[in-house]
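Asks: Structure in structure tokens, see below.
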Amino acid sequence: MTSVNVRTGQDVVRPDKDTFLSEENPFEAMMSRFDYAAKRLSLDAGLYKVLRNPEKQIVVSIPVQRDGGDVEVYTGYRVLYNTSRGPAKGGIRFDANVTLDEVTALAAWMTWKCAVVNIPFGGAKGGVICDPGTMSMGELERLTRRYTSAIIDTLGPDSDVPAPDVNTNERVMAWIMDTYSMHKRHTVTSVVTGKPVAMGGSLGRREATGRGCMIVTLEALKRHGMPVKGARVAVQGFGNVGSVAADLLAKQGAVIVAVSDKSGGLYNANGFVVADLLKWVEEKKVLAGYPNGEAITNEQLLASNCDVLLPAAMENVITSKNAATIQAKIICEGANGPTTAKADAILEQKGIFVIPDILANAGGVTVSYFEWVQDRSGYFWDEDTVNRRLERIMGTAFEEVTTMADKHAVNMRIAAYMLAIERVAAVHRLRGMYA
Ligand code: NAD
């Protein structure tokens with residue numbers, strides 16, 4: 001199927017909607033894009049098979065003594081998807097809905113994300129099926145330490161470097177670092193990233209994903225000849241990624257017209273004072289009740305009158321059911337997997353420029369890479385250096401993805417996958433196959 005790119009006037013070859021069968025299965029959704037990109041690259045059949053399969057999937061049972069004395073056994077996973085370009089890199093999530101399928105999809109995602117921004121890591125992900133909301137700090141610590149020791153053979157600065165993900169944070173990373181270090185009999189800060197700055201974390205890491213979103217949004221606006229001053233931005237999710245991106249974009253002159261979180265959304269045609277919103281959320285924890293905006297639903301936020309839509313909350317929010325209602329000209333995917341494959345086809349038909357997750361939110365893993373480099377060299381950079389280097393990497397990656405998109409007349413998502421697959425495949429060819 002073809003349509004016309006509204007910016008270049010070129011024909012765009014795009015996958016048929018029915019090419020993508022599953023709208024919500026994360027592994028299938030990711031793999032459908034991978035398959036299409038691999039086909040466009042004419043990837044040889046052998047390498048296709050190698051890249052379509054995870055290198056290693058570890059399943060562990062984690063016994064934990066609850067505070068009341070009972071013993072519970074949790075299931076944990078760690079998936080190393082591909083390590084041809086360097087140590088595996090990827091977060092650990094604690095969540096009741098974790099599945100091996102999801103962890104594998106997220107590990108593959110990390111492989112492509114690290115390759116898009118050209119940092120020397122492979123991709124991994126970990127997860128433990130649990131409900132952290134019902135667990136005490138002591139129980140969470142025991143769970144984290146036992147999970148760490150269960151997967152300790154794969155962990156290490158040269159082999160597998162975790163980071164925070166859903167329901168894990170720098171507190172959890174500190175426990176992992178300590179457990180690993182106790183086993184090794186010396187302190188190894190570079191075994192995890194996203195640590196507290198006081199124990200080897202990097203300045204700028206907390207803001208890195210939102211900052212990366214801001215950098216690529218500015219690039220996209222420039223590419224479309226749209227000034228950032230006055231650009232109307234709607235942000236779904238006002239957590240780490242969304243709030244930082246909103247704040248930094250506002251500081252560049254953009255007008256934040258809509259924001260939302262799990263408590264609902266707010267709209268203000270004149271633009272919010274982001275510093276006020278940040279203060280409100282710091283005090284009240286949620287946006288609900290903030291006085292200077294009109295209450296809207298998350299669905300209304302997606303369809304709101306804006307130039308840039310920044311989904312920064314969760315997966316599968318832009319679907320075949322609502323994609324047609326989106327008015328934004330640019331979508332910057334701060335969240336992982338916010339757009340289903342079926343919705344992609346609709347957005348492209350509408351001429352909406354999508355900065356895909358594996359590029360848009362790669363600022364976080366890029367500064368994680370900086371953290372790992374700083375830990376290994378024992379020399380720490382000031383925040384300005386971190387931000388400048390982040391800007392260079394994100395700017396280069398944006399440029400490389402757009403060049404690929406223009407060269408092959410594909411959308412940005414497929415171009416990002418093509419760039420990533422090409423980079424991972426090139427290393428496989430150079431290394432050859434160990435037999
Ligand atoms: P967070 O927990 O700090 O914030 C999530 C925000 O989304 C909160 O404001 C929450 O209220 C809101 N939210 C939850 N459910 C919602 C719903 N149904 N509708 C609207 N809003 C809802 O998480 P975060 O770290 O900002 O991560 C957000 C997304 O970005 C996730 O998809 C995450 O995987 C992705 N991401 C994060 C990083 C990072 O460095 N933090 C890096 C890459 C990708």
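The values are calculated or read from the model by the stated rules, or taken from the named source; none is laboratory data. Just so it is clear, the structure is predicted and the values come from calculations on it, not from any experiment. As a convention, Cβ positions derive from the backbone with ideal geometry for all residues, glycine included, and neighbour counts pool all protein chains shown. Surface accessibility is based on the protein's heavy atoms, side chains included, excluding ligands, DNA and RNA. Shrake-Rupley method; radii C 1.70, N 1.55, O 1.52, S 1.80 Å.
Asks: Name the residues in region 205-224 that are within 16 Å of the ligand (Cβ to nearest atom) and touching a strand residue (DSSP E or B) at 6+ places or on another chain (Cβ under 6 Å), would you? First the steps, then the outcome.
Replies: Initially, region 205-224 is screened for residues within 16 Å of the ligand (Cβ to nearest atom), giving 205-217.
Of everything in region 205-224, those that are within 16 Å of the ligand (Cβ to nearest atom) and touching a strand residue (DSSP E or B) at 6+ places or on another chain (Cβ under 6 Å) turn out to be Cys213, Val216, Thr217.
Asks: Within region 424-435, does at least one residue satisfy the condition of being buried (at least 18 other Cβ atoms within 10 Å of the Cβ) and in the same structural domain as Val216 (by TED's automatic domain parsing)? I'd like the intermediate steps shown before the answer.
Replies: The first filter runs over region 424-435 and keeps only residues buried (at least 18 other Cβ atoms within 10 Å of the Cβ), leaving 424-425.
When the remaining residues are screened for being in the same structural domain as Val216 (by TED's automatic domain parsing), the result is 424-425.
Yes, because at least one residue in region 424-435 is buried (at least 18 other Cβ atoms within 10 Å of the Cβ) and in the same structural domain as Val216 (by TED's automatic domain parsing).
Asks: Determine, yes or no, whether Ile129 is touching a Lys or Arg at 6+ places or on another chain (Cβ under 6 Å) and within 15 Å of Ile92 (Cβ to Cβ).
Replies: Taking the combined requirement at face value, the residue does not satisfy it.
Residue-wise test of (1) assigned to a helix (DSSP H, G or I); (2) under 30 Å from Gln300 (Cβ atoms).
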| site | (1), (2) |
| --- | --- |
| Asn167 | no, yes |
| Ile176 | yes, no |
| Tyr180 | yes, no |
| Thr193 | no, no |
| Val233 | no, yes |
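Asks: Scan Pro227, Pro157 and give me the residue that is more than 16 Å from the ligand (Cβ to nearest atom) and surrounded by 16 or more Cβ atoms within 10 Å (Cβ to Cβ).
Replies: Numbers: Pro227 fails: surrounded by 16 or more Cβ atoms within 10 Å (Cβ to Cβ).
Only one candidate passes the filter, namely Pro157.
Asks: Related question: If we keep just the residues of region 240-291 that are crowded, with 22+ Cβ neighbours inside 10 Å and small (Gly, Ala, Ser), which is farthest from the ligand (Cβ to nearest atom)?
Replies: My answer is Ala254.
Asks: Here's a check for you: in region 73-99, which residue that is more than 15 Å from the ligand (Cβ to nearest atom) and basic (Lys, Arg) is nearest to Trp372 (Cα to Cα)?
Replies: Step by step, filter region 73-99, then rank; the result is Arg85.
Asks: Could you please give the count of residues in region 332-369 that are of a type in the set (A, V, I, L, M, F, W, C), open to solvent by 10 Å² or more (accessible area, probe 1.4 Å), within 21 Å of Cys114 (Cα to Cα) and part of a helix (DSSP H, G or I)?
Replies: Within region 332-369, residues that are of a type in the set (A, V, I, L, M, F, W, C), open to solvent by 10 Å² or more (accessible area, probe 1.4 Å), within 21 Å of Cys114 (Cα to Cα) and part of a helix (DSSP H, G or I) number 1.
Asks: Could I ask something else about it? Does region 120-127 include one or more residues that are assigned to a loop (DSSP other than H, G, I, E, B), buried (at least 21 other Cβ atoms within 10 Å of the Cβ) and not assigned by TED's automatic domain parsing to the domain that holds Pro338?
Replies: Scanning region 120-127, I find at least one residue that is assigned to a loop (DSSP other than H, G, I, E, B), buried (at least 21 other Cβ atoms within 10 Å of the Cβ) and not assigned by TED's automatic domain parsing to the domain that holds Pro338, so the answer is yes.
Asks: Within region 187-208, identify whether any single residue is out of contact with any helix residue (DSSP H, G or I) (no Cβ under 7 Å at 6 or more places or on another chain), free of Cβ contacts under 8 Å to residues at least 12 places away in the same chain and under 22 Å from Phe380 (Cβ atoms), and answer yes or no.
Replies: Yes.
Asks: Considering only residues that are in a loop (DSSP other than H, G, I, E, B), of a type outside the set (Ser, Thr, Tyr) and either in contact with a His (Cβ under 9 Å, 6 or more places away or on another chain) or in contact (Cβ under 8 Å) with a residue 60 or more places away in the chain (or both), which ones fall in region 265-324?
Replies: Asn305, Cys306, Asp307, Ala312, Ala313, Met314, Glu315, Asn316, Val317
Asks: Within region 372-382, is even one residue buried (at least 24 other Cβ atoms within 10 Å of the Cβ), within 16 Å of the ligand (Cβ to nearest atom) and touching a residue at least 12 places away in the same chain (Cβ under 8 Å)?
Replies: Checked region 372-382: at least one residue is buried (at least 24 other Cβ atoms within 10 Å of the Cβ), within 16 Å of the ligand (Cβ to nearest atom) and touching a residue at least 12 places away in the same chain (Cβ under 8 Å).
Residue-by-condition table, conditions (1) open to solvent by 40 Å² or more (accessible area, probe 1.4 Å); (2) within 18 Å of Ile62 (Cα to Cα); (3) away from the ligand (no atom under 16 Å from the Cβ):
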position	(1), (2), (3)
Ile152	no, yes, yes
Asn167	yes, yes, no
Ala174	no, no, yes
His183	yes, yes, yes
Val188	no, no, yes
Pro196	no, no, no
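Asks: Follow-up question, since we're still on this one. Those residues that are surrounded by 13 or more Cβ atoms within 10 Å (Cβ to Cβ) and of a type in the set (Gly, Ala, Ser), I need them from region 40-68; list them, please.
Replies: Correct list: empty.
Asks: For region 383-397, what are the residues that are open to solvent by 90 Å² or more (accessible area, probe 1.4 Å) and over 19 Å from the mean Cα position of the chain (by Cα)?
Replies: Asp384, Arg388 - these are the residues of region 383-397 that are open to solvent by 90 Å² or more (accessible area, probe 1.4 Å) and over 19 Å from the mean Cα position of the chain (by Cα).
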